[in-house]
Each structure stands twice: as structure tokens, then as C-alpha cells.
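Structure first, commentary second.
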Amino acid sequence: MPELPEVETVKRTLNELIRGKTIAHVTVRLPRIIQKPDDIQQFETFLQGQTIESIERRGKFLRFVLTDYVMVSHLRMEGRYGLYDGDDELEPHTHVLFRFTDGSELRYKDVRQFGTMHLFPKGEELTSPPLVKLGIEPLDEAFTFKAFKAQIAHRATKIKPLLLNQAYIVGIGNIYVDESLFLAGIHPEREAKSLSKKELMGLHEAIVRTLQESVDVGGSSIKSYVNGQGEIGLFQHQLNIYGRGAQPCKTCGTEIVKTVVGGRGTHICLKCQPIKQGNSRKKSEK
């Protein structure tokens, strides 16, 4: 957490709240959050006088596009941004403060302290870690069935770990992989290369549908996620399978099994998602 829909929601909210504001000064209270540059004072100094042109998203990363720089931010498990009045009391676990010239303040809080920030001269962020090796965006027009099939169809890897690998498709984490595989009727331990063309088409459609429906309602508020205005998402009320271990499947009534696949907690309906391998694809499907 958070995954693509939650980061997309934070992006949209921050654009409403801080786009066009100019940074007066920055205070870093937990240096290890800042991964680039190595010198924390440089990070604070470079951002002075920079105007926020927009906030963009790449996979699960936020890109703060500034006058001369781009700040790449990963929220990890519990990082969150909020806009405050500069005189508001500082809350616990507040690690980075961006004071704007209008007196307001963007604050980054992170209980677990796993979040990261990288600062790049504008234009360099997409050709350097952590963004350089990311895969295709599942909500972009470029995420066609052809592009999706090319990324995964011939791989011997189990389908769930493959979908979680950000080098192939970005932004899909544990929640949305479980939901997409359920919607497509595919067992998470099936090898990607065993999936028929029809199954791949169903999975492609399920990924897009699941992510878009979650974005439309502000993501899933599981554990501590809120957007930049402190509001929770609502998609957790629409989840078919994730977090519903030992409960009946909404489709067939079979008890949902929680197990581990690729080191991740995984929810499966063994009736709706049989483990049987699909028939070998015909040559015409390759």
C-alpha cells in the first residue's frame, strides 16, 4: 500500500491543493527519507524558490514537477502528504516540511519511515533510478492487449508474481492483482505461458476495469491510506476477494482461501479460479 489507484488519487488531490504554489523553504527532519542528493542541505536549498507546475504519477511514484527540478516521491507503506497552515501544530512522524510563500505548508508524514524522495534536474528523472526500469502503465492508451501479451504471455513465471513485478507492468500491487485474477477466473499459481489467448484477453480487461473502478472512488482505504485532504477511499467496499479469507465467495458461495503465493498473502476462490492448466495455445494464438 498504496497502489496505483491510491497514488493516482493523491496525485489528483495534490494538484488541486498545491499546483502553482512557490516553495519558500524546506525543512528535512529525517535525513534518510532523502535519497538524492546525498547532501540534505542541497536538497533544501535547491527547492527554494521553485514553483510547483504539476504533480504526475509513474507507477506507484509521485513526480513533483517544479520550475527546474523534479522530485520523485514513493510513499511506501504509510507515507502521506497533507496541506496545513504554517502555524498548525506539528504532528508526530512529520519528516519533511515544504513551506510555501503564501504561508501554507505541505507536510510529509510517515509512521514506518520507509518513504523516499529523489531530486533530479528536470528531464533526468525518467532515465535514472528509481524510474528508469519501470514497465508499462496499465491505464495508459499504450496498454493495449498486444502490449500486455508481449510482456507476459511466454513467461514460465507464475502469473501473480509476474503481475507484481514493476519491470513489466507498473502500479499493480497485492490488492489489485488478487482482484484482477479473481475477475478473470485465473488461479494465481498458473504459469503465464499456460494462459490461452481468451484468458489473457480476460485478464487484460480485468486489470483495466479493476484499476479504473478503484480510481473512480478514490482507491482502497485499507490500514492507513488517506488522500492529501485526509479523505479515505471507498473501493474496499467493492472488493470481491482481497481480505475476505474464510468468507463465502460473492459469486459462488465457496469459502475463500487465504494462502501465500510468491511470498505474498493471496486470496483465492478455488471454484471460480481453478488451478487446472489451460490447453496449449494454438499456433494462431501465438
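Within the range 53-71, does at least one residue satisfy the condition of being farther than 19 Å from residue 121 by Cα, in contact with a Gly (Cβ under 6 Å, 6 or more places away or on another chain) and not charged (D, E, K, R)? Yes, the range 53-71 has at least one match.
When residue 133 is tested against (1) under 17 Å from the mean Cα position of the chain (by Cα); (2) surrounded by 13 or more Cβ atoms within 10 Å (Cβ to Cβ), just one condition goes unmet, and that condition is (2). Just one residue in the set 65, 132 is assigned to a loop (DSSP other than H, G, I, E, B) and either assigned by TED's automatic domain parsing to the domain that holds residue 9 or at negative phi (or both); that residue is 132.
If I filter the range 95-105 for residues that are at pLDDT below 95 and in a loop (DSSP other than H, G, I, E, B), do I get at least one hit? The answer is no, given that none of the residues of the range 95-105 is at pLDDT below 95 and in a loop (DSSP other than H, G, I, E, B).
From the list 116, 101, pick out the single residue that is within 16 Å of the chain's Cα centre (by Cα) and not charged (D, E, K, R).
Values: 101 fails: within 16 Å of the chain's Cα centre (by Cα).
None of the other options fit; the residue is 116.
Here the range 161-198 is the region considered, the condition is being hydroxyl-bearing (Ser, Thr, Tyr) and closer than 22 Å to residue 140 by Cβ, and the residue that is modelled with the lowest pLDDT is 176. Residues in the range 174-210 that are assigned to a helix (DSSP H, G or I) and under 12 Å from residue 266 (Cβ atoms) were compared, and the one that is farthest from the chain's Cα centre (by Cα) is 182. Which one is modelled with the lowest pLDDT, of the residues in the range 211-260 that are among the basic types (Lys, Arg) and part of a loop (DSSP other than H, G, I, E, B)? Once the filter is applied, the top-ranked residue is 223. Cβ-Cβ contacts under 7 Å between residues 6 or more apart (or on different chains), taken from a first residue in the range 258-278 that is touching a residue at least 40 places away in the same chain (Cβ under 8 Å) to a second residue that is exposed (fewer than 14 other Cβ atoms within 10 Å of the Cβ) and outside any loop (DSSP other than H, G, I, E, B), are listed as 266/259; 266/260; 268/259. Can you tell me which residue is nearest to residue 112 (Cα to Cα) among those in the range 34-46 that are in contact (Cβ under 8 Å) with a residue 60 or more places away in the chain and surrounded by fewer than 21 Cβ atoms within 10 Å (Cβ to Cβ)? So the residue we want is 35. Please verify whether the range 69-81 includes one or more residues that are in the same structural domain as residue 47 (by TED's automatic domain parsing), surrounded by fewer than 20 Cβ atoms within 10 Å (Cβ to Cβ) and more than 17 Å from the chain's Cα centre (by Cα). Yes, the range 69-81 contains at least one residue that is in the same structural domain as residue 47 (by TED's automatic domain parsing), surrounded by fewer than 20 Cβ atoms within 10 Å (Cβ to Cβ) and more than 17 Å from the chain's Cα centre (by Cα).
Of the residues in the range 139-151, at least one is over 22 Å from residue 70 (Cβ atoms) and exposed (fewer than 12 other Cβ atoms within 10 Å of the Cβ).
The values are calculated or read from the model by the stated rules, or taken from the named source; none is laboratory data. Computed from a predicted structure; not experimentally measured. A quick note on method: Cβ atoms are made from the backbone with ideal geometry, for glycine too, and the neighbour counts reach across all protein chains shown.
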